[in-house]
Amino acid sequence: MTTEKLISDDGIRNDGRKLDELRKIKFEIGVLKNTDGSAYVEWGRTKILVGVMGPRESHPKHLAMPDKARIDAFYRMASFSVEEWKSPAPSRRETELSKVIREALGPAVFTEYFPRTSIDIFIEVLQADGSTRCAAISAASLALVDAGIPMRDLVASIAVGKVEGQLVLDVQDKEDKEGESDMPMAYMPSKNAVTLLQMDGQITHDEFLRSIELLKKGCLDVYKMQKEAIEAHFKVNESNTEEA
Amino acid sequence: MKFEIGDPFSDTPDEGVMQVSAEFVPFASPEFEPGKPDETAVELARVVDRGLRESKILDTSKLCIVPGKKVWICHVDLYILDHCGNLIDTAALAGLCALLSAKMPEVKVKGEAVEMTGKKLPMPLSGNVPINVTLAKIGDKLFIDPSFEEEEVLDCRLSVAFMQKGDDEKSLMICAMQKGEAGYLTTDEAVRAVELAKLKSQELRSLVSSKVNING
């Protein structure tokens, strides 16, 4: 454990951010050739690639649902994505995260438009520096958009942590490991819908209530960037068409 | 609970290890299939693990035998024998009570060798008792302690673990949360669910303290 402080006396975090400031986030849409939709995100030093396949025929067939599409998510960390080499075999953490990410994105998709099909969301964490599930969910929303899948809203996600007794928005790895708590949320702003909520660490009831407000603000910040990324992507495509 | 002597993790060389696992026995439900734990079992084990771990009820620094070499591995193995709903809260309570009532073997270190003395020692517990309470959302209502049938139709659930040190209500903190299943909650529903979980956790805490000593 280091004795180095993570927040300075004037409220600046060790990477230069204010308590409620996000890292630099860059979304890119349509980056993979062989998928139906894809997105790439750089979220500070966290780098994640998401590919969507589908709606396509369900495999195995008996898992297909007669009234809606089946959504599956596969969250995997590359063996080189963390400081120590990680076995590429899925860990229990990756199994759990795949489940909660699927459940975070599911409510946004009009699955009833694609009965008997599967929509598979593949997530590869290339470099991890905290909040990978939040970055993955936010990027996966854009990959679903890129795949042309109708959605109720985008799902934006971010985490609030408690570090040295103070609530901070958008937790990076060091703050997650050395801080007192980590609370990620995924959110569909137009429905006020919380589609993922987890917490580990120790917070008071009052800190929970303040965290929810901060999470809403953070998700709206991410939501704005997601919309900008969509606009930028389709604008580029338009100008390409004009040239051709 | 079972104890075994093993290697520490490289990032915590002087600490013992607590490992929670869940086995869904096939006769517990027609939905369960034999084989490796599936994602539901993994989630259950990890949610129970999170409540126990984050409450710091178990002082793992006291589970070190030879620093950097030999530590106690404490296995908390949850076996689901008959599934009638609300597995998370039930398994969390069972895991907690097992931890509170467990005795661990005493060892003596002689040079390189570790010998069992045959005696049993109390566990190094902090008295921070986590209680998990799950709320199921069905339509616009929140249900506490969902039954199997209620779980079949729920939109989603929110599990919240509240911990408290001994009898000191002022020390009440949230130490773990997990939303599960396909639907969503509004932020107001999430806030309400946490309030309900807080109330109910106190009731369950007095039930636990009437059965086992919770003061560590």
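The values are calculated or read from the model by the stated rules, or taken from the named source; none is laboratory data. Keep in mind the model is a prediction, meaning the values are calculated, not measured. Cβ placement follows ideal geometry from the backbone for every residue including glycine, while neighbour counts extend to all protein chains displayed.
Determine whether A:Leu209 is under 18 Å from the mean Cα position of the chain (by Cα) and either within 14 Å of another protein chain (Cβ to nearest Cβ) or modelled with pLDDT of 95 or more (or both).
Working: under 18 Å from the mean Cα position of the chain (by Cα): no; either within 14 Å of another protein chain (Cβ to nearest Cβ) or modelled with pLDDT of 95 or more (or both): yes.
No; evaluated as a whole, the condition is false for this residue.
Given segment A:132-244, what helices (runs of 4 or more DSSP H) lie entirely inside it while holding 1 or more residues that are over 25 Å from A:Asp9 (Cα atoms), small (Gly, Ala, Ser) and in contact with a His (Cβ under 6 Å, 6 or more places away or on another chain)? Spell out the reasoning first.
Numbers: elements: A:132-146, A:173-178, A:205-243.
In segment A:132-244, no matching helices (runs of 4 or more DSSP H) lie anywhere.
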Original post:
Among (1) over 18 Å from the mean Cα position of the chain (by Cα); (2) under 21 Å from B:Ile65 (Cα atoms); (3) of a type outside the set (Lys, Arg), where does B:Gln19 come up short?
Top reply: (1)
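Restricting the search to segment A:70-86, which residues are closer than 29 Å to A:Ala108 by Cα and assigned to a loop (DSSP other than H, G, I, E, B)?
So in segment A:70-86, the residues closer than 29 Å to A:Ala108 by Cα come out as A:70-78, A:81.
A:Ala78, A:Ser81 - these are the residues of segment A:70-86 that are closer than 29 Å to A:Ala108 by Cα and assigned to a loop (DSSP other than H, G, I, E, B).
Report whether or not B:Pro30 is within 14 Å of chain A (Cβ to nearest Cβ), assigned to a loop (DSSP other than H, G, I, E, B) and free of Cβ contacts under 8 Å to residues at least 60 places away in the same chain.
On the way: within 14 Å of chain A (Cβ to nearest Cβ): no; assigned to a loop (DSSP other than H, G, I, E, B): yes; free of Cβ contacts under 8 Å to residues at least 60 places away in the same chain: yes.
Answer is no for this residue.
Residues are listed down the side, and each one gets a yes or a no for (1) closer than 27 Å to B:Cys156 by Cβ; (2) touching a strand residue (DSSP E or B) at 6+ places or on another chain (Cβ under 8 Å); (3) hydroxyl-bearing (Ser, Thr, Tyr):
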residue: A:Leu32; (1), (2), (3): no, yes, no
residue: A:Tyr40; (1), (2), (3): no, yes, yes
residue: A:Arg56; (1), (2), (3): yes, yes, no
residue: A:Pro60; (1), (2), (3): yes, no, no
residue: A:Pro66; (1), (2), (3): yes, no, no
residue: A:Arg70; (1), (2), (3): yes, yes, no
residue: A:Met77; (1), (2), (3): yes, yes, no
residue: A:Ala89; (1), (2), (3): no, no, no
residue: A:Arg102; (1), (2), (3): yes, yes, no
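Tell me the residue from B:Glu151, B:Glu181, B:Glu189 that is within 30 Å of A:Ile71 (Cβ to Cβ), crowded, with 16+ Cβ neighbours inside 10 Å, modelled with pLDDT of 95 or more and more than 11 Å from every other protein chain (Cβ to nearest Cβ), please. Steps first, answer last, please.
Working: B:Glu181 fails: more than 11 Å from every other protein chain (Cβ to nearest Cβ); B:Glu189 fails: more than 11 Å from every other protein chain (Cβ to nearest Cβ).
B:Glu151 is the lone residue from the list that is within 30 Å of A:Ile71 (Cβ to Cβ), crowded, with 16+ Cβ neighbours inside 10 Å, modelled with pLDDT of 95 or more and more than 11 Å from every other protein chain (Cβ to nearest Cβ).
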Original post:
In this structure, is B:Lys137 more than 10 Å from chain A (Cβ to nearest Cβ), under 22 Å from B:His83 (Cβ atoms), basic (Lys, Arg) and touching a strand residue (DSSP E or B) at 6+ places or on another chain (Cβ under 6 Å)?
Top reply: yes
Original post:
Among the residues of segment B:154-176, is there at least one that is under 20 Å from A:Met185 (Cα atoms), in contact (Cβ under 8 Å) with a residue 60 or more places away in the chain and facing chain A (nearest Cβ under 8 Å)?
Top reply: yes
Subject >> Odd one out for A:Ala89 among (1) surrounded by 11 or more Cβ atoms within 10 Å (Cβ to Cβ); (2) of a type outside the set (D, E, K, R); (3) assigned to a loop (DSSP other than H, G, I, E, B); (4) out of contact with any helix residue (DSSP H, G or I) (no Cβ under 6 Å at 6 or more places or on another chain) >> reply: (1)
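Mind telling me which of the residues B:Ala182, B:Ala197, B:Ala193 ends up being hydrophobic (A, V, I, L, M, F, W, C) and touching a Pro at 6+ places or on another chain (Cβ under 8 Å)? Give the derivation first.
On the way: B:Ala197 fails: touching a Pro at 6+ places or on another chain (Cβ under 8 Å); B:Ala193 fails: touching a Pro at 6+ places or on another chain (Cβ under 8 Å).
The match here is B:Ala182.
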Original post:
Hey, any hits in segment A:234-242 for a residue that's among the basic types (Lys, Arg) and under 27 Å from B:Ala182 (Cβ atoms)?
Top reply: no
**OP:** Considering only residues that are basic (Lys, Arg) and within 12 Å of another protein chain (Cβ to nearest Cβ), look in segment A:69-122 and name the one that is farthest from B:Leu185 (Cα to Cα).
**Re:** A:Arg92
